[in-house]
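A short worksheet on the structure shown next.
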Amino acid sequence: QVQLLESGGGLVQAGGSLRLSCAASRNIFSLMNIMGWYRQVPGKQRELVASITRVGSTSYADSVKGRFTISRDNAKNTVYLQMKDLKPEDTAVYYCNLKTDLSTFWGQGTQVTVSS
């Protein structure tokens, strides 16, 4: 059983920045694994924001390209999401995700609120 421990959410003004972190509770040994961030607002589907493979290939939703950067530290089993130029539309609960060849794991979610 793997726990994903999220941190870094909070309240920020439009145009500001936040960095989210997500650490897995134990080492990830699977050579095939993808870590990512999803977000969800009430009444809407959970949306994939960004993902990154073990070797560093990244993918981003069109709405965050140029503003968000995903990265990972394999030695620390941690994934980060650096968010800049935040907009009120970015307000959501953000969920960390880990997908391996065997299992999928989710964090508990962290609230990001962007005020105008």
Cβ-Cβ cut-off under 12 Å around GLY109, Lys and Arg +1, Asp and Glu -1: the net charge is +1
Work out, in µm²/s and without decimals, the Stokes-Einstein translational diffusion coefficient of the stretch 16-79 at 25 °C, 0.890 mPa s, Rh from Kirkwood over C-alpha pairs. 190 µm²/s
Packing-based order for 79-86, 15-22, using average beta carbon neighbours within 10 Å, highest first: 79-86, 15-22
Assigning unit charges at the beta carbon (Lys, Arg +1; Asp, Glu -1) and nothing else, what dipole magnitude in debye, to the nearest 20, does the chain show about its Cα centre? 120 debye
Summing +1 for each Lys or Arg and -1 for each Asp or Glu, what net charge is found among the other residues whose Cβ lies under 15 Å from the Cβ of ALA14? 0
Ratio Rg/Rh, restricted to the stretch 1-52 and using Cα atoms, in which Rh is the Kirkwood radius: 1.02
What does the net charge come to around SER30 if you take all other residues with beta carbon closer than 15 Å to its beta carbon, with K and R at +1 and D and E at -1? +3
Alpha-carbon centroids, the stretch 76-116 and the stretch 1-55: separation in whole Å: 3 Å
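Read-outs throughout are calculated quantities, based only on the coordinates presented, and are distinct from any laboratory measurement. No experiment lies behind these values; they were computed from the predicted model shown. For neighbour counting, all protein chains shown are included, and Cβ atoms are generated from backbone atoms with ideal geometry for every residue, glycine included.
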